[in-house]
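Down below is the structure, laid out as structure tokens.
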Amino acid sequence: MWLWALGACGGSAPEHSEAAAAAPEEPGGVIVMVSERVNGEGERVPAVWAVRPDGTHRVPIGRELPGAVFPGPIDPKGTHVLLVSSEDGKRGHVEQLWLGPLRGGPVRPLLPPSKFVRNPAWADGGDAVVAESDAQSFRDLYRAERAGGPPKRITDQPNGSFEPDAGPDGRIVFGASRDGNAEIYVMQGDGTQPVRLTDAPGDDLKPHWSPDGTRIAWIAHRNGVARVWTMAPDGSHPQPVREKASGNDIDLAWSPDGKRLAIVVQEGQAQGEIVVVEADTGAEVGRLDGPAMDEHPAWSPDGQWIAWTESHGENANVAIARPTGEDRRTVSAGGVSEWLPRWIEPAPAEH
């Protein structure tokens, strides 16, 4: 029950006073992220830890898994996190997708091991998972039911399907190169009725449903520039979010209410920042800008904060701030590299 106690300890209630009323609310919930550990050979290996937003109460997750471990999305039910293990051994390079309980306890495999398992996403409110794997092909999408049973291959295309995201109605949006360059498609949760949504000479990548399922945001490469675009789920009304801006957009994250987007903008090979904008107008709300590359934005459950990775040289740390860029704080303790934050509000403890 450690994580529920961790998430519930956001500090004591402030005394009633004008000063207390004016003070900004402290961030709550739990941040799950990569934190390097040193193995028996003295090598720094990525592992997954949970931590309070103030950097205290650090607890490992999935520590029994072999090799490097990375966190995927948090369970919508607030009880589990998807974990991807990566190991080089006698079988060569092997990756595998696991279901990791946030309470602590043993992990459970969701997909069989293969050389490539990436981009897992929850579907059907946390009752299923979709992910890309090369288990039987170059790269296709697979669906695994949370209740158990063998996973089902839901795409079968020689040029690959990738980067799935499931909407509130169960449909899956994804990228595929079945028509040459990468385009965006949508299909039913079982892989049937695929429909192509984009048709352009440049690649279309990284589609994400808005939280209410009314829009899809993605990275569109047009005229040598990468920009976040949005469109309706049927592919209509496509438009760029930031039409006149510098740099290339390389990643995005919707706010929990679907009103804002945190966009990772790369200005150079190792330089970038996170720009927060209004999703409807593209109006800038704020910037999260560190010394080198800023990436991996993760919104707090209440939408009042953003966690992200700040890279500097060979090291990285996790920071949090308001979407305006104000009230910046460092979550990382220092001494090791930490990155790829996920932010959740844990489910209440069972009694």
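The rows are residues; the columns are (1) closer than 26 Å to GLY104 by Cβ; (2) open to solvent by less than 70 Å² (accessible area, probe 1.4 Å).
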position: GLU284; (1), (2): no, no
position: ALA298; (1), (2): yes, yes
position: ALA307; (1), (2): yes, yes
position: SER311; (1), (2): no, yes
position: ASN317; (1), (2): yes, yes
| Got a number for residues in the stretch 21-48 being open to solvent by 30 Å² or more (accessible area, probe 1.4 Å) and either over 22 Å from the mean Cα position of the chain (by Cα) or at pLDDT 95 or above (or both)? | 13
| request: Could you list all residues from the stretch 192-221 that are over 13 Å from VAL173 (Cα atoms), of a type in the set (A, V, I, L, M, F, W, C) and surrounded by fewer than 22 Cβ atoms within 10 Å (Cβ to Cβ)? | output: ALA200
| request: Give GLY268, GLY303 a once-over and let me know the one that is in contact with a Pro (Cβ under 7 Å, 6 or more places away or on another chain), open to solvent by less than 60 Å² (accessible area, probe 1.4 Å) and assigned to a loop (DSSP other than H, G, I, E, B). | output: GLY303
| said: Show the residue pairs meeting these rules: Cβ distance below 7 Å; 6+ apart or different chains; first residue within the stretch 109-125 and within 15 Å of VAL173 (Cα to Cα) and at pLDDT 95 or above; second residue open to solvent by less than 70 Å² (accessible area, probe 1.4 Å) and among the acidic types (Asp, Glu). | reply: ASN119/GLU132; ASN119/GLU163; ALA121/ASP165; TRP122/ASP75
| request: State all residues of the stretch 222-245 that are open to solvent by 70 Å² or more (accessible area, probe 1.4 Å) and either hydrophobic (A, V, I, L, M, F, W, C) or closer than 15 Å to VAL277 by Cβ (or both); if no residue qualifies, say none. | output: GLN239, GLU243, LYS244
| said: For the structure I just gave you, tell me whether GLY149 is farther than 23 Å from LEU340 by Cα, loosely packed, with under 15 Cβ neighbours inside 10 Å and out of contact with any Gly (no Cβ under 6 Å at 6 or more places or on another chain). | reply: yes
| said: For the structure I just gave you, tell me whether ALA347 is part of a strand (DSSP E or B) and in contact (Cβ under 8 Å) with a residue 24 or more places away in the chain. | reply: no
| note | Filtering the stretch 253-265 down to residues that are open to solvent by 10 Å² or more (accessible area, probe 1.4 Å) and in contact with a Phe, Trp or Tyr (Cβ under 9 Å, 6 or more places away or on another chain) yields ALA253, TRP254, PRO256, ARG260
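The values are calculated or read from the model by the stated rules, or taken from the named source; none is laboratory data. These numbers come from a predicted model, not from an experiment. Ideal geometry is used to build each Cβ from the backbone, glycine not excepted, and the neighbour counts take in all protein chains shown. With ligands, DNA and RNA removed, areas are computed over all heavy atoms of the protein, side chains included. Shrake-Rupley method; radii C 1.70, N 1.55, O 1.52, S 1.80 Å.
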